[in-house]
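The values are calculated or read from the model by the stated rules, or taken from the named source; none is laboratory data. All of these numbers come straight from a predicted model, not from anything done at the bench. Cβ atoms come from the backbone with ideal geometry, glycine included; neighbour counts cover every protein chain shown.
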Amino acid sequence: MTTKSQEALLPAGMMDVLPPNAEIEAVAMEKLMSVFGTRGYERVIPPLAEFEELLLSGSGEATKTRSFRVMDPISQRMLALRADMTIQIERIASTRLSDLPRPLRLSYAGPILRTSGSNLHPERQFYQVGAELIGSDSSKSDTEIILMAAHALLELGLNEISVDLGLPSLITSLLDEYNLKKLETRNIVRTACNQKDEAMLSSLHLPESRTFIDLMRCVGPADESIKKLKALDLPKKAIKELNYLIEVITLMKDQGPELSMTIDPVEIRGYEYHSGLTYTFFSKNSRGEIGRGGRYMLSNKTDLSQTESGTGISLYLSKIVELLPSREKRKKVMAYSGISHEIIAEYIRNGWIVISQLETGDDIKSEAQKLNCTHILRTDGIEDIS
């Protein structure tokens, strides 16, 4: 025999969002999307599932191990459920919207599903809210996305926002520049950089290990980190990437709200398909990041020789909602059966929640209190029962 508690069980990493959190999330999502809309980012709504060979190709290859697959009974082809909406925006931009003028500004919001969570983020289904700027490789485009996301978070009521800037492509550039082609060596360097493990790098006994260790020691507040990075003796390509990072930070200081900025030039984890500057958002008391994004390359799905650059941010709605200040409860009133629609509409316009009495014979006061109403709306006026 199945009990009610057993019937309510959900798979690991899945959860019901109940009142009042469901409404709080919905309102927060629309506020974020509204900010994106005021900056010219037009909303697109991609499907939850796509053909596996398309969704998981190109940049989508990075999500293969995190994506659920199902068989489509109509086409008899395998479908993949999206694990990251950015991949879908890339597809839309490079196919359906390929003829539109660049730069292209798009926004999106919707649930994603992953095969596994992490120790810090065990959730496997959650909402992504984001914006992508496609067709510009200017530092101004990265600055626009970062500052717009910061502004949207501030508008929601989040304070003490910080952003961590990274260059995951820098490690790959240095590995290529130093002609370190052996896969095992490259993987050890990447792992050591992610874990900030100097001993692991030293164990390789390579003269180039010194550079990677020096880069690790540059992790920290932006101003201090830039001073250390400028002092390093790096190849020209690496210097070009660092100069781009510095240019974005300068623009952010000139144009945006005062943000706490840090730099991690060796962090690669979680940025498998990014090809340049990356950014991760945090807020005081947040459990891990509340959003992340960065620069990537898009391939035209019909002509793989054609590519363009894009940059974008994905914000994690449930994490953001956890940090929002408590909002003032809306006044709730129970209206007597027979109260006209016009009167009810007037109260709604003035910010009330109006619940209608269904059974005229019931004790309306006890019914109203049971439903957490603070007032009763009668034909002769309103009564405070709080």
Consider T172 against the criteria (1) closer than 30 Å to D223 by Cα; (2) of a type in the set (S, T, N, Q); (3) modelled with pLDDT of 95 or more; (4) over 20 Å from the mean Cα position of the chain (by Cα): it satisfies all of them except one. Which criterion is unmet? (3)
Kindly indicate the residue of the range 21-51 that is acidic (D, E) and not in a strand (DSSP E or B) and also surrounded by the most Cβ atoms within 10 Å (Cβ to Cβ) among those meeting that condition. E25
Among the residues of the range 75-131, how many are more than 12 Å from P46 (Cβ to Cβ) and of a type in the set (V, I, T)? 2
Given the criteria assigned to a helix (DSSP H, G or I), free of Cβ contacts under 8 Å to residues at least 24 places away in the same chain and in contact with a helix residue (DSSP H, G or I) (Cβ under 9 Å, 6 or more places away or on another chain), does K181 qualify? no
Any residue in the range 193-219 that's on the phi > 0 side of the Ramachandran plot: show its pairings with residues that are assigned to a loop (DSSP other than H, G, I, E, B) and among the aliphatic types (A, V, I, L, M) at Cβ separation under 8 Å, as long as the two are six or more apart or on different chains. K196/V219; K196/V266
Candidates E52, E30, E23, filtered to the one that is touching a residue at least 24 places away in the same chain (Cβ under 8 Å) and either small (G, A, S) or in the same structural domain as T115 (by TED's automatic domain parsing) (or both): E52
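Results for (1) assigned by TED's automatic domain parsing to the domain that holds G270; (2) over 30 Å from Y108 (Cα atoms); (3) crowded, with 16+ Cβ neighbours inside 10 Å; (4) not β-branched (V, I, T), shown as yes or no for each residue.
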| position | (1), (2), (3), (4) |
| --- | --- |
| L154 | no, no, no, yes |
| S173 | yes, yes, yes, yes |
| V189 | yes, yes, yes, no |
| Q195 | yes, yes, no, yes |
| E198 | yes, yes, no, yes |
| S202 | yes, yes, no, yes |
| S209 | yes, yes, yes, yes |
| F212 | yes, yes, yes, yes |
Note on the range 91-128: residues surrounded by 18 or more Cβ atoms within 10 Å (Cβ to Cβ), of a type in the set (K, R) and more than 19 Å from R69 (Cβ to Cβ) are R105
What is the one condition in (1) under 15 Å from E267 (Cβ atoms); (2) more than 23 Å from the chain's Cα centre (by Cα); (3) of a type in the set (S, T, Y) that S162 does not satisfy? (2)
Matching residues, the range 225-239, being without any contact (Cβ under 8 Å) to a residue 60 or more places away in the chain and part of a helix (DSSP H, G or I): S225, I226, K227, K228, L229, K230, K236, I239
Taking the conditions exactly as written (part of a helix (DSSP H, G or I), under 30 Å from G60 (Cβ atoms) and aliphatic (A, V, I, L, M)), does L242 satisfy them or not? yes
For a quick check of your reading: which helices (runs of 4 or more DSSP H) sit entirely within the range 289-386 and have at least 1 residues that are farther than 27 Å from A28 by Cα and over 37 Å from the mean Cα position of the chain (by Cα)? 341-349, 364-370
Residue satisfying all of: in the range 264-284; closer than 20 Å to E308 by Cβ and among the small types (G, A, S); surrounded by the most Cβ atoms within 10 Å (Cβ to Cβ) among these: G276
